[in-house]
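FYI, it's all coordinate maths here, none of it is from the lab. No experiment lies behind these values; they were computed from the predicted model shown. For neighbour counting, all protein chains shown are included, and Cβ atoms are generated from backbone atoms with ideal geometry for every residue, glycine included.
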Amino acid sequence: MTGQPYYDFMLIALLAIAAIVLVALLFVPAPYGRHARTGWGPTIGTRAGWVIMESPALLVFVAFYLRGAHARELVPCVLLGMWLLHYVHRTVIYPLRLRASADRRTPLSVVLMAICFNSANAFVNASWLSEYGRYAPSWLTDPRFLVGMLFFATGYAINRWADEVLRRLRKPGDAGHQIPHGGLYELVSCPNYLGETLEWLGWAVATWSLAGLVFALFTLANLLPRALSHHRWYKQQFADYPPKRRALVPFIL
């Protein structure tokens, strides 16, 4: 905790919301993608929705980062680079390469909830890096940073690879689904979610911060239920779905 009431309150609020999200999503899958359904209000095009809801993770993060007293120091700049590596891809590149049919829609309510979370999450993490945190240059050789970087890089590689496998399964304009195969897809239904979870676990360790830990827990609260929902969906849709696959964690879950 920093002793700054508004900042510390935001951390506690995000942690509480993560617990609520975990419980809610275990019973009600978020209504977008393959789980899209009516009854969630107005909708927006999927590509536009992705860009809009992920943009705060870039714009708000950079805005608060640049306000910090330590924004130009070496370690915060390295950590900033890690964040941007993920979110430039997620905000700009991923939606542009998304092979979704032209009529694919996402509820505006989902987009608005994502905007709220991404804005708050960007604020607490950016403010920690460049204002409240203290990182000497020697942090770059600290075992915690090195382990965190290893997890982050591994998760990033898995996430990019898994997304590309899914993208290549679908021809432009094709709205159908197929069973993905190869690599980690032989072990789990959602290696893309496994990779993203590893990324932000690595971020939590590399930053050694409560803000990073809250983000990692929120990521798990969001992606674990969705992986379970995907896994059930695959088994319902495909009679020949590989029975030994798990949802998110190889051999376990």
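Some observations on this one:
- Most tightly packed first, judged by the mean number of other beta-carbon atoms within 10 Å of their residues, the peptides 39-47, 229-237 read 229-237, 39-47.
- The order of the peptides 109-115, 18-24 by mean Cβ neighbours within 10 Å, most packed first, is 109-115, 18-24.
- Label assignment, Kirkwood radius over Cα pairs in Å derived from the structure, set [x] 19.1; [y] 19.6; [z] 18.3: [x]
- Of Leu84, Leu74, Leu140, farthest towards positive along the dipole that unit charges on Lys, Arg, Asp, Glu beta carbons give the chain: Leu84
- Computed over region 179-241, the alpha-carbon pair-distance distribution with 10 angstrom bins reads 22, 41, 25, 11, 1, each value a whole percent.
- Considering region 1-128 at the alpha-carbon level, its Rg and Dmax are found to be 16.5, 49 Å.
- Each Lys and Arg Cβ is given +1 and each Asp and Glu Cβ -1; about its Cα centre, the chain then shows a dipole of about 800 debye.
- Of the residues Thr207, Val188, Ala18, the one whose Cα sits farthest toward the positive end of the charge dipole of region 5-237, with +1 on the Cβ of Lys and Arg and -1 on the Cβ of Asp and Glu, is Val188.
- Under a 5 Å amide H cut-off, with hydrogens placed 1.01 Å from N, Arg246 pairs with Val188, Ser189, Phe251 among residues at least 5 apart or on other chains.
- Estimated [θ] at 222 nm from DSSP helical runs (n ≥ 4, -39500 (n - 2.57)) normalised by residues in the chain, nearest 500: -21000 deg cm²/dmol
- Likely footprinting exposure, Glu164, Glu54, fewest C-beta neighbours within 10 Å first: Glu164, Glu54
- Estimated vicinal HN-Hα couplings, Hz - region 27-36 in sequence order (Karplus 6.51, -1.76, 1.60; Gly, Pro = x): 10, 10, x, 4, x, 9, x, 5, 9, 4
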